[in-house]
1. Counting Lys +1, Arg +1, Asp -1, Glu -1, what net charge surrounds SER135 among other residues with beta carbon under 11 Å of its beta carbon?
2. Under a 5 Å amide H to amide H cut-off, with H placed in plane at 1.01 Å, what residues pair with VAL176 once short-range neighbours are removed?
3. I need the phi-derived Karplus couplings for the range 34-47: 6.51 cos²θ - 1.76 cosθ + 1.60, θ = phi - 60°, integer Hz, Gly and Pro marked x.
4. Under 19 Å from a point 7 Å along the Cα-to-Cβ line of VAL114: which residues of the range 66-100 have their amide N that close?
5. Could you pull out every residue, at least 5 positions away or on a different chain, whose amide H is within less than 5 Å of the one on ALA33? Hs are placed 1.01 Å off N in the peptide plane, and Pro or chain starts have none.
6. Report the full-extension gain for the segment THR141 to THR30: residue separation times 0.36 nm, less the Cα-Cα distance, to one decimal in nm.
7. When Lys and Arg each count +1 and Asp and Glu each count -1, what net charge do the other residues less than 12 Å away from VAL111, Cβ to Cβ, add up to?
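Computed from the coordinates by the stated procedures, all read-outs in this text should not be read as laboratory data. From a predicted model like this one, the values you see are computed outputs, not experimental measurements. Neighbour counts run over all protein chains shown; Cβ positions are idealised from the backbone, glycine included.
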Amino acid sequence: MNGFAKLMGMGLVLGLMVAGTPQMAHAQNTVFAIAGDTTPNPNVGYTGGPAGVFTLNVPKGFIMSKLGLGGSTNCRIDFTPLAGVGAAGYQFNPVTGVWSQILKGGAFRIVDNVTGKLLLSGQFGEAVLHGTNGSSSLALTLQGNTVNYGVAALFPTILKRERGSFAIEFNAMDLVKATHAGAGAFRANDGMSFAAWK
């Protein structure tokens, strides 16, 4: 978890990135923003199983530019529900307990609660939800640089050039169980950090 999220005492970190060289193995990636939750409510969830649905809806959060372009300390962060692709997209290692579930792609929006301005939005391809059996530490990442950034009031020129990516780290409220049949349901609370590479 990054230092800002630790400082804020948050259990969810979302990082947004823009890739300088799309789809290249050695592309230089730069974090352009972090976003997070400022409330103690459980705003992240998964219904469990290979066809479960991942949700992330933060009614009051923040977004800050890592490039000195400002931000908002009162914004709404919403992701469309991301459904699991089924058993074919689930992997479980019984020795290490590590599991992963591929989720369908979706979209997100970050809107300033005071002004109503759309600060950042994007659409992305398949995501991977992963963790370890019996742990509360979880993450959601993308399978490559698949984010097409849309409206970005805070980043008007940066995001028009390349596709990007993001990563989310968060802590479930309870330990998450996983078996060969799928990962269990969970709720998670706190923060989020968006990192974009360029």
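1. My count for the surroundings of SER135 gives 0.
2. Those qualifying (amide H under 5 Å, at least 5 residues apart or on another chain) are GLY134, SER135, SER136.
3. Along the range 34-47, the couplings run 10, 9, x, 9, 10, 10, x, 7, x, 9, 10, x, 9, 7 Hz.
4. Label zone hits: 66, 68-77.
5. Placed amide hydrogens put LEU16, LYS66, ALA196 under 5 Å from ALA33.
6. Difference between extended and current length: 38.4 nm.
7. So the surrounding residues net to +2.
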